[in-house]
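Shown next, in structure tokens, is the structure this report addresses.
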Amino acid sequence: MFSAAEVEQFNRDGYIVARALANPADQAAIKAVAERDLAAAVPPVEYETDTRYPGAPASEDAPGGRTVRRLLQACARDRSIAAWAVQPSLAGRLKQLIGPTVELSQAHHNCVMTKNPRFSSVTHWHQDIRYWSFERPELVSVWLALGREYAENGCLLVLPGSHTLELAPDRLDGALFLRADLEANKPLIATQRRVELDPGDVLFFHCRLFHAAGHNQTAHTKFSLVFTYHATANRPLAGTRSALLPDITL
Ligand SMILES: O=C(O)CCC(=O)C(=O)O
């Protein structure tokens with residue numbers, strides 16, 4: 001469980017890292033599934049080119065055009081993944097952060113992020129909630145590092161405390177990314193911190209926390225397993241993408 005100080009840190013910063021939360025056997029089993037499914041591009045997948053982010057191949061026919069960025073529907077890929085997503089060391093912590101009963105959204109994240117060394121793109125500053133539809137913007141994502149994550153392989157960057165900001169719409173671009181060109185955003189962006197993770201470390205982050213990530217400049221693919229959770233009392237809005245798949249109660 002998180003200590004009271006850790007819960008306070010999450011509430012203040014919008015994120016917290018639980019070190020070595022996943023045991024080596026679970027990590028190895030999940031990584032083996034991810035490597036197997038990446039090698040065969042087992043669907044459903046999202047390609048780098050689908051993101052249209054800076055550095056992504058221009059089309060599926062361009063060099064690197066079939067580079068997988070996400071192995072989607074992670075829970076349905078293997079029992080090792082589905083079991084890890086609901087296990088008590090996660091569930092207990094999530095209940096401390098978002099409510100007495102918690103559900104996993106199969107509609108959001110629910111993927112293995114794969115960051116390819118040759119064809120990865122850059123992700124600009126954004127809040128995950130921007131395209132999600134729930135009664136309240138109170139969700140937490142859980143990011144399990146399946147290998148080391150650091151600046152050179154494109155670890156996450158966060159703006160601490162940004163989950164509490166109410167920014168005027170003109171601070172964001174048309175796709176709801178924070179405008180890095182705007183003078184007004186520069187002091188905020190200067191507060192960025194790298195989230196460096198060792199294998200088995202788990203980042204918990206608020207759906208309103210601004211985050212970004214760079215290219216993978218190493219020779220090895222980076223693998224991270226990512227899920228999103230909400231309180232049972234915070235329902236996805238009917239008729240939206242957030243309500244498309246059944247939630248899984250922890
Ligand atoms: O690893 C990355 O490029 C960042 C991914 C991300 O921020 C997201 O999918 O919301």
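Things to note:
- Among the residues making up region 92-122, those that are within 13 Å of the ligand (Cβ to nearest atom) and closer than 20 Å to Ala34 by Cα are His108, His109, Asn110, Cys111, Val112, Met113, Thr114, Lys115, Asn116, Phe119, Ser120, Ser121.
- Taken together, the residues in region 1-43 that are surrounded by 12 or more Cβ atoms within 10 Å (Cβ to Cβ) and closer than 24 Å to Glu60 by Cβ amount to 7.
- Taken together, Ala212, Ala175 contain a single residue that is assigned to a strand (DSSP E or B), within 13 Å of the ligand (Cβ to nearest atom) and closer than 26 Å to Glu48 by Cβ, which is Ala212.
- Tally, over region 225-250, of residues that are in a strand (DSSP E or B) and out of contact with any Ser or Thr (no Cβ under 8 Å at 6 or more places or on another chain): 2
- Candidates Ala40, Ala34, Ala25: the one that is at pLDDT 95 or above, within 19 Å of Leu156 (Cβ to Cβ) and among the small types (Gly, Ala, Ser) is Ala34.
- Among the candidates Leu157, Leu176, residue that is over 19 Å from Leu90 (Cβ atoms), in contact with a helix residue (DSSP H, G or I) (Cβ under 6 Å, 6 or more places away or on another chain), free of Cβ contacts under 8 Å to residues at least 60 places away in the same chain and of a type outside the set (Lys, Arg): Leu176
- Reported count of residues in region 123-143, each being touching a Ser or Thr at 6+ places or on another chain (Cβ under 7 Å), near the ligand (Cβ under 9 Å from one of its atoms) and of a type in the set (Ser, Thr, Tyr), is 1.
- Any chance Glu183 is surrounded by 22 or more Cβ atoms within 10 Å (Cβ to Cβ) and among the charged types (D, E, K, R): no
- Filter pass, Leu72 being within 16 Å of the ligand (Cβ to nearest atom), among the hydrophobic types (A, V, I, L, M, F, W, C), at pLDDT 95 or above and surrounded by fewer than 23 Cβ atoms within 10 Å (Cβ to Cβ): yes
The values are calculated or read from the model by the stated rules, or taken from the named source; none is laboratory data. These figures come from a predicted structure and were not determined experimentally. We place every Cβ from the backbone using ideal geometry, glycine too, and count neighbours over all the protein chains shown.
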